[in-house]
Each structure stands twice: as C-alpha cells, then as structure tokens.
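What follows is a set of notes on a single structure, which appears directly below.
The values are calculated or read from the model by the stated rules, or taken from the named source; none is laboratory data. Everything quoted here is computed from the prediction, not taken from an experiment. Heads up, the Cβs are rebuilt from the backbone with ideal geometry, glycines too, and the neighbour counts pull from every protein chain shown.
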Amino acid sequence: MSYIKNRWYCAAWGHEVVRDPFTRTLLNEKVVLYRTEQGHPVALSNVCPHRFAPMHQGRLRGDDIECPYHGLRFSPDGACALNPHGSMIPPGLRLKSYPVIDRYAMVWIWMGEADEADPALIPEFPAHDDGGYKTVGGMIPVKGSYQLVADNLLDLSHTQFLHPILVVPDDPETRVEHDILQDGDTITTIYNQRNTRPFGFTGLIWPDAPERLDGLSGVRWDAPANMLLKLHFVSRDPGDDRELRIWGAELVTPETETSCHYFWSASRNFRLDDDVFGQQLGDAIANVFRFEDGAMIAEVQANMGDETDLIAMRPVILPTDQAAIRARRIVGKLLRAEQNRKGEPKQVMAQL
C-alpha cells in the first residue's frame, strides 16, 4: 500500500510529546518524538543508521538525542552532532527528520518532501483553542486500514444499527435529510434530523431535553483522513433557545497497511465546569468507537485479509456510500499525482 506523503498527519496529541522520547509508527516508518528545551516538537527516524538501535530508548543531551547502543548523538535536524568513537563523522550518519508543528493541541507531521510542508495546509479545528468550549480526547489504535475508518465516519447511516446509544426513535413526525457537498478535495456529509424525540445520546448530554428537538450531524473530510465532526442540537420549543454543540476532531493516521491511529476529541459548549460529566462524555465516545466501530472495522479488515483497496474487491455499492467513495477517489487521485511527480526535476515542477 502506498501513502500520500505530502500532506499533514496527526502524529500525537500535544501533551503526549514531552522531554521523554517516545516512538510511534506512522505510515510504516518508525518515528521518535520529543521536545527541545524550548518546547519545540522534534520528529526523527527512530532507527539509528549505525546498528539500527531504537533511538527512543536513548537519552536527551540538551536538544540532541543519544543512541542507547553506541552513544552517537543527533541534533533535532537529524545531523550527527557527536561521534564518541572518533572525531570523524562518516557521510550518511544522520537520522531522517520530519517537519512537525504544534497546532490545535496536536502535533502535526509531514512525512514527504520537507520543502513542501506548508502549515497553511493543516485543516482547521478551532474549537480546541476556543475558550467557549471544553475538550476531551484521546487516541485509539485500530486493527484496520485507515481508509476503513474514514469510510465509517463518512457514512453515519450505520449509527442506527451499530450504536444503540445513537439510535433515533422511529417516529412518523421525524424527518431525516442527507446532503453531500464537495468543494475541491474537501467533502462534507450532513444529516439533519428534524422534530425528533430525545434518544440515548441526547439523554447523556441533555438530561432535561425538550420533548422535541432538531439535530444535525455533519462530517468534513480532508485528505488523507482528517475529519471534523459537528453535532448540533436545538429545542423545538419556541421559548427554549438552548443550543448544544459538540465539535469533534476525527484524525486517522496510518500505522501500517492494516492498522492505524485514531485521534479523537469532543469539544462541547455546555457544562463547561462539570469535569465529571466531561469524563463520562469522553468515556462514552471512546467506548462507542473502541467496542463498536473499532471492533467492526477489525472484523472487516480480517475478512479482507491483507487487501486495503476496498474497490478492488468489487463491493456492492449503496447510495449511503457516496461520500466514502468520493473520498477514496480523491485519495487515489492525489496519490497518483504524487507518484507521477517523483523523479521530476524541481525546476521543471516549479514552472508548472
């Protein structure tokens, strides 16, 4: 399986990256992450080029990381800063370095060509920095291709069958409308549930909900698999102007061909000072994905074996698959374009 390299991926939550180095496999590459003494994130290959030792087991010497095996030190840009076995530093004695940036409480990594790593290409998740919201979040490992997770999140029709807490009551007065929008390579899928009665999830977040409410569930997708979820509930009672909003980051970063890291968050505009509720909300969201979505995706991947190209397996396509199919086509288009550029002189590319 090939990956789009010239795009930003979530490597970690910001609070995960500290002065103690740790490793994470991203796009089949072993990466070590840590922070400099000034707090800047660093991402380097976790494999020492000398005897292939794991760098994350080494110590930091100032901003440099020391190999735990033979003591070679490497600076944040990957260059060898010290060879304790002689003054000469052999050619090629360096670690691959990756552009990284802190934004929206996450550490973003660019796995491709460093000179193309434009921070303006990072999708927006502003609720993480908005004082009017309180955020909970985490990371869940998934035993399935990252695109299977994107498929899952872009087709919210499955919630009526896979997630008991999200089942909307069957009611002749309830109207459900579904729209798919596409702006360039960004896809947005929106479900409007009008005039519904409260259900399991609204009971959790809105115990005194009105008898009737309108709900909106929307997902914005940016390649390769960075998604923004919006949940919005309003009362149908003319005298009740309460609005409950949750913005969710749904960021899926490949680990290997058949596994990935699912970074999630939920930023709410209600019950901001209730930390107990925040923990309950976070646990509920994590458990829904871990034991329902994640478990199903793992079973699907097991049935697919080592295959990651869903379309190559010729599945039956339903109308509800439209957003996911569009996303897969965009990924394929971007991947082909990136592969076609390899080997072309940069001065030629600059003229295009």
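Counting only residues that are within 22 Å of the chain's Cα centre (by Cα), in a helix (DSSP H, G or I) and of a type outside the set (A, V, I, L, M), region 281-311 holds 11 of them. Of the residues that make up region 266-273, is at least one buried (at least 19 other Cβ atoms within 10 Å of the Cβ), modelled with pLDDT of 95 or more and assigned to a helix (DSSP H, G or I)? The answer is no; no qualifying residue exists.
Listed here are the residues, each with its yes/no results for (1) surrounded by 15 or more Cβ atoms within 10 Å (Cβ to Cβ); (2) of a type in the set (D, E, K, R); (3) touching a Ser or Thr at 6+ places or on another chain (Cβ under 7 Å); (4) within 26 Å of K5 (Cβ to Cβ).
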| site | (1), (2), (3), (4) |
| --- | --- |
| P41 | yes, no, no, yes |
| L44 | yes, no, yes, yes |
| P49 | yes, no, no, yes |
| L60 | yes, no, no, no |
| D64 | yes, yes, yes, no |
| M88 | no, no, no, no |
| P91 | no, no, no, yes |
| Y104 | yes, no, no, yes |
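I'd like to check something: does region 84-93 contain any residue that is assigned to a strand (DSSP E or B) and in the same structural domain as G14 (by TED's automatic domain parsing)? No.
Per-residue answers, yes or no, for (1) under 25 Å from L251 (Cβ atoms); (2) assigned to a loop (DSSP other than H, G, I, E, B):
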position: I190; (1), (2): yes, no
position: Q193; (1), (2): no, no
position: P207; (1), (2): no, yes
position: D214; (1), (2): no, no
position: V219; (1), (2): yes, no
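For region 137-182, which positions are in a strand (DSSP E or B) and either surrounded by fewer than 20 Cβ atoms within 10 Å (Cβ to Cβ) or among the polar types (S, T, N, Q) (or both)? The answer is G138, M139, I140, P141, R175, V176, E177, H178, D179, I180, L181, Q182. Residue pairs whose Cβ atoms lie under 7 Å apart, separated by 6 or more positions or on different chains, with the first residue in region 278-290 and among the β-branched types (V, I, T) and the second modelled with pLDDT of 95 or more, are I285/W264; I285/A266. Taking every residue in region 153-172 that is within 14 Å of A324 (Cβ to Cβ) and pairing it with any residue that is aromatic (F, W, Y), at least 6 positions away or on another chain, the pairs with Cβ-Cβ distances below 7 Å are L154/W221; L156/Y191.
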